[in-house]
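The values are calculated or read from the model by the stated rules, or taken from the named source; none is laboratory data. Keep in mind the model is a prediction, meaning the values are calculated, not measured. Heads up, the Cβs are rebuilt from the backbone with ideal geometry, glycines too, and the neighbour counts pull from every protein chain shown. SASA here: full protein model, heavy atoms, side chains in, ligands and nucleic acids out. Shrake-Rupley method; radii C 1.70, N 1.55, O 1.52, S 1.80 Å.
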Amino acid sequence: MSQTPPSTGALRVSGLAQNAATPFTIVPDQRTLEAMAETLDLTGLRKVRFEGQVAAHGARDWLLTAQLGATVTQPCAVTLVPVTTRIDVPVRRLFLRDYEEVDTPEAEMPEDDEVERLGVWIDPEAVLIEALSLAVPDFPRADGAELGQIVLTEPGVAPLTDEAARPFAGLADLKSKLEGDKNN
């Protein structure tokens, strides 16, 4: 087991009080924010605050609860214009001493993605980066940005559009036309 902490804010499990929560607050400096932004492929990252506590959960397990706040800037998925998003999310991780990891090539994802194996250290900084990476929008969009429609075809051939590719749309038109003929 490693005696060296994984980060400066890591908490040694054997040093945690069993009968009282251990609070933590992480507000990264500018250099750390730049490194985190690069790791998460963001164009900007500011106002990051991760505040919470680690408390005993039963006799052998530990529960980390926290609130993550951050402002991220990413390129719009459509226009590449910078998009700024404010993230405010609760974070919860349960560290289990008896956690069994599935070691098969094709395993189902566990239902509870908040559960982790308890090691020598609980690292709130690592949880911060993981929680932030999960909270960042996958495809941010600038206001008013829409995907256009590209229609490619050979000369002289009718292009296949999204509208034409919907087979039941034509049936609905035919049905309404037939019902209109019956009423006349």
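Give me a count of the residues in segment 11-26 that are open to solvent by 80 Å² or more (accessible area, probe 1.4 Å) and within 18 Å of Arg92 (Cα to Cα).
Residues meeting the conditions: 1.
Each row is one residue, and each column tells you yes or no for (1) of a type outside the set (D, E, K, R); (2) closer than 30 Å to Glu146 by Cα; (3) at pLDDT 95 or above.
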| site | (1), (2), (3) |
| --- | --- |
| Ala20 | yes, no, no |
| Pro23 | yes, no, yes |
| Asp41 | no, yes, no |
| Val89 | yes, yes, yes |
query = With respect to Gln74, is the statement that it is surrounded by 15 or more Cβ atoms within 10 Å (Cβ to Cβ), modelled with pLDDT of 90 or more, polar (S, T, N, Q) and out of contact with any helix residue (DSSP H, G or I) (no Cβ under 9 Å at 6 or more places or on another chain) true?
reply = yes
remark   = Taking segment 29-51 and keeping residues farther than 18 Å from Ile122 by Cβ and not in a helix (DSSP H, G or I) leaves Asp29, Leu40, Asp41, Leu42, Thr43, Gly44, Leu45, Arg46, Lys47, Val48, Arg49
query = Has segment 48-57 got any residue that is under 23 Å from Ile87 (Cβ atoms), more than 19 Å from the chain's Cα centre (by Cα), touching a residue at least 24 places away in the same chain (Cβ under 8 Å) and surrounded by fewer than 14 Cβ atoms within 10 Å (Cβ to Cβ)?
reply = no
ask   = Which residue out of Arg86, Arg97 is within 23 Å of Pro137 (Cβ to Cβ) and basic (Lys, Arg)?
value = Arg86
inquiry  = Among the residues that make up segment 29-50, is at least one of them of a type in the set (A, V, I, L, M) and within 23 Å of Arg117 (Cβ to Cβ)?
reply    = no
query = Restricting attention to segment 7-24, does a residue exist that is out of contact with any Lys or Arg (no Cβ under 7 Å at 6 or more places or on another chain), within 18 Å of Leu134 (Cβ to Cβ) and touching a residue at least 12 places away in the same chain (Cβ under 8 Å)?
reply = no
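Taking the options Thr65, Thr43, name whichever one is touching a strand residue (DSSP E or B) at 6+ places or on another chain (Cβ under 9 Å), closer than 30 Å to Val81 by Cβ and open to solvent by 40 Å² or more (accessible area, probe 1.4 Å).
Checking each option against the conditions leaves just Thr43.
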